[in-house]
Amino acid sequence: MKNINITRKISQGMYVLTTNGGGCIVDAVSQVSAGDNPLIAVSVMKKNYTNELLKKNDKFALSVIGKEVNPEIIKTFGFNSMRDINKFENTQVREVDGLKVINDSLGYMVCEIIDSIDNETHTLFIGKLIEADIFKEEKEEMTYAYYQEHKEELLKVTTEKGKTAWVCIVCGYVYYGEELPEDFKCPICGVDRTNFKKKE
Ligand SMILES: Cc1cc2nc3c(=O)[nH]c(=O)nc-3n(C[C@H](O)[C@H](O)[C@H](O)COP(=O)(O)O)c2cc1C
């Protein structure tokens, strides 16, 4: 492939994907049909706890993240696993159809899972929209491109002084060490070592 980075030009949004028992940040969401109950697909990494949960559940919700979201939501849901922390402990939510949706969002979509497709690393869950609402009509959604452009200030990536750090330009994960291992892959978002920027 001459340059796979062209895939970054596919426009995507930012969402909190929730299901019974957990949830995580996703950008890999797409509307795949129209009508009163459109189909919405979301791709979830197999290593994520949310993937395990979705396989046991029949519904998911997507809360749409706005540009003015409290960045703690992105940090809590995007850089932690529900295996380790209770992401809902400090997050205000409301219950819709038995699922938690994020109050600090522009609105939500609840989908009934009708199919799923697995590859080696991800599962594509396909859902039929069954409930939706708008909380903040006039506010702008955060796109994945906006997140990429502003993530340093949003996430305030700080590295420890006196240590050589490598920061993932995709998700902000920090690796400490003089050199990145040859076959290094970001443990959070999976990109390879060419996506890390050195900070001294
Ligand atoms: C900006 C951003 C976008 C992400 N997009 C996805 C995505 O589309 N699919 C996915 O499976 N994980 C995505 N992630 C990673 C998960 O949110 C992350 O691995 C999370 O910690 C998983 O939590 P869990 O183990 O509780 O499911 C994204 C993270 C960030 C910060």
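The values are calculated or read from the model by the stated rules, or taken from the named source; none is laboratory data. Not measured: the values here are computed from a predicted model. Here the Cβ positions follow ideal geometry from the backbone for every residue, glycine too, while neighbour counts run over all protein chains shown. Please note that ligands, DNA and RNA were not included when accessible areas were found on the heavy atoms of the full protein model with its side chains. Shrake-Rupley method; radii C 1.70, N 1.55, O 1.52, S 1.80 Å.
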Which residue out of Asp192, Asp183 is outside the structural domain of Met45 (by TED's automatic domain parsing), closer than 23 Å to Lys46 by Cβ and open to solvent by 100 Å² or more (accessible area, probe 1.4 Å)?
Asp183
Residues (at pLDDT 95 or above and either surrounded by 12 or more Cβ atoms within 10 Å (Cβ to Cβ) or in contact with a Gly (Cβ under 8 Å, 6 or more places away or on another chain) (or both)) located in segment 79-90:
Met82, Lys87, Phe88
Subset tally (residues that are open to solvent by 40 Å² or more (accessible area, probe 1.4 Å) and either within 23 Å of Phe125 (Cβ to Cβ) or of a type in the set (S, T, N, Q) (or both)) for segment 67-78:
1
Out of (1) more than 7 Å from the ligand (Cβ to nearest atom); (2) open to solvent by 90 Å² or more (accessible area, probe 1.4 Å), the odd one out for Val64 is which?
(2)
Go through (1) touching a residue at least 12 places away in the same chain (Cβ under 8 Å); (2) open to solvent by 60 Å² or more (accessible area, probe 1.4 Å); (3) within 18 Å of the chain's Cα centre (by Cα) one by one and return the number of the condition Lys163 breaks.
(3)
If Lys46 satisfies all but one of (1) closer than 25 Å to Val157 by Cβ; (2) within 14 Å of the ligand (Cβ to nearest atom), what's the number of the condition it fails?
(1)
Filter segment 1-34 for residues that are of a type in the set (D, E, K, R) and assigned to a loop (DSSP other than H, G, I, E, B); which is least open to solvent (accessible area, probe 1.4 Å)?
Asp27
Does segment 70-85 include one or more residues that are of a type in the set (Ser, Thr, Tyr) and in contact with a Lys or Arg (Cβ under 6 Å, 6 or more places away or on another chain)?
yes
Output yes when any residue across segment 9-30 is of a type in the set (Lys, Arg) and in contact (Cβ under 8 Å) with a residue 60 or more places away in the chain, and no when none is.
no
